[in-house]
Amino acid sequence: MKTYKIIEIKRKFIKKDYSYAEGVMESEANDGWEVVSVAFDTSKDICGDMVIVFSRERNEI
């Protein structure tokens with residue numbers, strides 16, 4: 001069974017350079033998380049915040 005988590009990265013961190021977002025993805029990958037999707041929340045602004053969905057296998061006891 002999988003578990004999921006969502007991380008929102010504010011627009012101010014990704015204006016023209018996605019290195020901050022890449023760092024977040026690499027950090028999460030080191031903890032076993034895999035990127036499922038990346039999207040932009042444009043509900044409030046044309047250039048919205050980045051939303052990254054991660055998943056990994058749940059450790060079942």
**OP:** Filter the range 1-23 for residues that are assigned to a helix (DSSP H, G or I) and either surrounded by 14 or more Cβ atoms within 10 Å (Cβ to Cβ) or modelled with pLDDT of 90 or more (or both) and give the result.
**Re:** Arg11, Phe13, Ser19, Tyr20, Ala21, Glu22, Gly23
Original post:
Quick one: Glu26 ticks every box in (1) modelled with pLDDT of 95 or more; (2) assigned to a loop (DSSP other than H, G, I, E, B) bar one, so which box is it?
Top reply: (2)
Original post:
Inside the range 29-48, can you point out the residues that are surrounded by 11 or more Cβ atoms within 10 Å (Cβ to Cβ) and assigned to a helix (DSSP H, G or I)?
Top reply: Ala29
Original post:
In the range 22-61, how many are closer than 13 Å to Lys5 by Cα, free of Cβ contacts under 8 Å to residues at least 24 places away in the same chain and in contact with a Gly (Cβ under 6 Å, 6 or more places away or on another chain)?
Top reply: 0
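Within the range 32-56, count every residue that is of a type in the set (D, E, K, R) and at pLDDT below 95.
Matching residues across the range 32-56 total 4.
The values are calculated or read from the model by the stated rules, or taken from the named source; none is laboratory data. Remember, predicted model here, so these are calculated numbers, not experimental data. Quick reminder, even Gly has a Cβ in these numbers, built from the backbone with ideal geometry, and neighbours come from all protein chains shown.
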